[in-house]
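Here, each number is a calculation from the coordinates, and none is a lab measurement. Just so you know, these numbers come straight off a predicted model, no measurement behind them. Cβ atoms come from the backbone with ideal geometry, glycine included; neighbour counts cover every protein chain shown.
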Number of protein chains: 2
Amino acid sequence: MTATSGPNSRATIEDVALAASVSVATVSRALRGLPNVAESTRVRVEQVASRLNYHAHPNASGLASGRSLNIAIAVPVLNSWYFSEVVAGAEAVLPEAGYSLLVTATSSSAERSEFVRWAAFSGSADGVIMVDLPLDSNDVQLLSRAELAVVTTGFDCPEFPSVVVDNVAVGVLATKHLIDRGHRRIGILTGQSEDPLHFTVPSDRVDGFKRALLESGIDFDPNLECTGNFTTSGGREAMGSLLDLDESPTAVFAMSDEMAFGAIWAAHDRGLTVPGDLAVVGVDDHDMSEMLGLTTVSQQVDQHGVVAARWLTDGLGGATKASESAEMNIELVVRTTT
Amino acid sequence: MTATSGPNSRATIEDVALAASVSVATVSRALRGLPNVAESTRVRVEQVASRLNYHAHPNASGLASGRSLNIAIAVPVLNSWYFSEVVAGAEAVLPEAGYSLLVTATSSSAERSEFVRWAAFSGSADGVIMVDLPLDSNDVQLLSRAELAVVTTGFDCPEFPSVVVDNVAVGVLATKHLIDRGHRRIGILTGQSEDPLHFTVPSDRVDGFKRALLESGIDFDPNLECTGNFTTSGGREAMGSLLDLDESPTAVFAMSDEMAFGAIWAAHDRGLTVPGDLAVVGVDDHDMSEMLGLTTVSQQVDQHGVVAARWLTDGLGGATKASESAEMNIELVVRTTT
DNA sequence: CGACATCATGTAAGCGCTTTCAGGCCACAT
DNA sequence: ATGTGGCCTGAAAGCGCTTACATGATGTCG
């Protein structure tokens, strides 16, 4: 049909220009809504482009303009409820701004650094969202030097805008709730004990836990702290070991709903009732929490992704803001496990 | 440091060439492991490249070579256990082959078509994985014409290699198990009743269900079929309506674990015990299924993503196979809900 | 010892866009 | 008429790579 190509090969801007009897420059301007194009010309070009199924080749336009129209998101793992919510949130808003989402899982510190180098030097993405992957100073340096927009989620990074939650407040809220219910011997299920990534969420929540105890005059008992790795099975094991203690807790603060599920499971394993023998409060408001009646500190996780992505696209659009940080809301949802 | 650029801007192949005292062509060849490069030269180039933090600009190399080194994956939604497993599986193997993953959620038929057009004409990706998104003939045509590798997952597409499960067998397996346990009045929780996408998984599983009943001489009762939309809350509602029937079922086949969770919930709502008053079998082997003791037909979902991705990268690597289809294993995992 | 592969390297022509720069055209004021 | 400015458009120079193709330097063999 067209002068230079059959229907099989992709139409180029030149095909469109030829068919519309204008120059490639005009096609480029018309299709991108740039000013200084006569309305009649624009319409004609758009019609031809659509007829030819023309899509600008991203590599070519990216090379010429220096922009890739990609946003890269890095998460520790993909197949976990929390991270897939964040990714889904980001994915939901990026297309509106014309961006695509490159997804990478970086489970180790080495992989994270490799990702940072790639993001900083390859030009694959115009912006980066780091989810729960604290950056070391080298990472920060590389990312700052690159002409790259960066937003972090789940941890505060002074150098970049961050989407965060007040995790101390999360710990306080959950723990106070248990104390209000009359509990004095309260266990806590944390994330990793030793964290090579220096992820502060667990320690902040522990701090909140301790603060709430302190304010109520309850001594913190280190024996009641146990690591559940943020997983259901980890929570089950951790809770199991707490329940097998001579003086086992009557309530537990699990710092993720998944660990809370494991805690409930461990209680059932031992014939204990929830909340009769063990009260449980989690964090997240996981899809399954309502069904299980789990009391939890809700954070709208997908919104973390949405906010991070918006921040990036807005910044890229021009209004590059200084590094602020957005604090997301939390809310105690009381159900039947407390 | 280098001749043409400070440490802030990305190093180009020319910087490397200059620093290594060779031509850009040699750098290109050396770094990509092409033949006809002296070993000493290759080593030197690699050292310089590494020192300069050089990464080939993907847009530039993509434009020149016609390859993008991206794989695009499209799923109906991202924040669902099933799809995040598939995506995670694909993401896990692509980096090995040098590919990045572009993730898109296309919840409607219009979005799916838009994705197909984009994939076929933009050149953003060298390959595409369509997950549970049946293609219409127009989609197939566009994708075939584009020089694009395509793999489908979750449905059989004669034109492209497909990663599938024998869903009739799934239905038979689950239903027979319930019949073997002595149940005669068995309900079924299906996906959407009307599916604009022509997604055959639900109907195949219903077929298996009916076949198993037939083989045991049990009449199929349409009143016992209800739609749960593959979600926990949908399953709860659907199961609720079945349990409120005059002649309610003593067992139910939920065609996803999430709906099965909802079914268990609905039983608890009414003070019924599982499996005493209601036996439940699901499909998937969701992370949470073990904890809830759910009997289920397991399919290694993440492997679907792995197989699809490998197929793509292998094919792209040269050995482009004809459109075969890989049938993934299923297995009944008996736990305490039956 | 000259002819001819063989290997290592360089030269240069694009890949399909964006963007700067330089007109051409027309309306309007002078 | 002449000048002036505002619009619209086209020509052309890259963006940073890959990849024929050309070239020189070796080595091999009759």
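Which of B:70, B:152, B:163 sits closest to the plus end of the dipole of the protein assembly as shown, meaning its Cα is farthest towards the positive end, when Lys and Arg get +1 and Asp and Glu get -1 on the C-beta?
The residue sitting most towards the positive pole is B:70.
Based on the Cα gyration tensor of chain A, what are the three equivalent ellipsoid semi-axes, each the root of five times an eigenvalue, rounded to whole Å and given largest first?
In descending order the semi-axes read 51, 19, 17 Å.
Taking Cα centroids, how far is the range B:240-265 from the range A:155-194 in Å?
37 Å
What FRET efficiency comes out for residue A:166 versus residue A:272 if R0 is 30 angstrom and r is the Cβ-Cβ distance? Round to the nearest 0.05.
0.40
Assume the label is 7 Å from Cα along Cα to beta carbon: what separations in nm does residue A:277 have to the matching positions in the other copies?
From this label point to the equivalent ones elsewhere in the assembly: 2.3 nm.
If you place +1 on the Cβ of every Lys and Arg and -1 on the Cβ of every Asp and Glu, how big does the dipole about the Cα centre of chain A come out, in debye to the nearest 20?
Rounded to the nearest 20 debye, it is 1400 debye.
May I ask for the Kirkwood hydrodynamic radius of the protein assembly as shown, worked out over all distinct Cα pairs and given in angstroms to one decimal?
For the protein assembly as shown, inverting the mean 1/r across all distinct Cα pairs yields 27.4 Å.
Can you find, among B:23, B:326, B:265, the residue sitting farthest towards the positive end of the charge dipole of the protein assembly as shown, where Lys and Arg contribute +1 and Asp and Glu -1 at Cβ?
B:23
How well do other chains shield peptide B:84-91, expressed as the mean number of their Cβ atoms within 10 Å of each residue Cβ?
Partner-chain Cβ atoms within 10 Å, mean over residues of B:84-91: 5.
Rounding to the nearest 20 debye, state how big the charge dipole of the range A:17-101 is about its Cα centre with +1 on each Lys and Arg Cβ and -1 on each Asp and Glu Cβ.
Roughly 420 debye for the range A:17-101.
Determine the distance separating the Cα centre of the range A:67-138 from the Cα centre of the range B:115-148; give it in Å without decimals.
The range A:67-138 and the range B:115-148 have Cα centres separated by 24 Å.
Evaluate the Debye formula for the range B:125-251 with equal point scatterers sitting on the alpha carbons, no solvent, and hand back log10 of I(q)/I(0) at q = 0.15, 0.21, 0.22 Å⁻¹, in q order, two decimals.
-0.77, -1.16, -1.23
Residues of the range B:105-127 with backbone nitrogen within less than 17 Å of a virtual label 7 Å along the Cα-to-Cβ line of residue A:64, please, listed as ranges.
B:122-124
For peptide A:286-292, what's the mean number of Cβ atoms from other chains within 10 Å of each residue's Cβ?
That works out to 6 on average.
Highest first, please rank the peptides A:136-148, B:163-175, A:27-39 by the mean number of other Cβ atoms sitting within 10 Å of their residues.
Most protected by this proxy first, the peptides run B:163-175, A:136-148, A:27-39.
Order these peptides, B:293-299, B:239-245, by their mean beta-carbon neighbour count within 10 angstrom, highest first.
Output ranking for B:293-299, B:239-245: B:293-299, B:239-245.
From the label point of residue B:247, set 7 Å along Cα to the beta carbon, how far off in nm is each other copy's matching point, shortest first?
Here the equivalent label points are 6.1 nm apart from this one.
Set the Förster distance to 25 Å, then compute FRET efficiency between residue A:218 and residue A:245 from the Cβ-Cβ distance, nearest 0.05.
Working from the Cβ atoms, E equals 0.90.
How big is D for the range B:13-56, in µm² s⁻¹ as a whole number, if Stokes-Einstein is applied with the Kirkwood radius of its Cα pairs at 20 °C and 1.002 mPa s?
My calculation gives 218 µm²/s for D.
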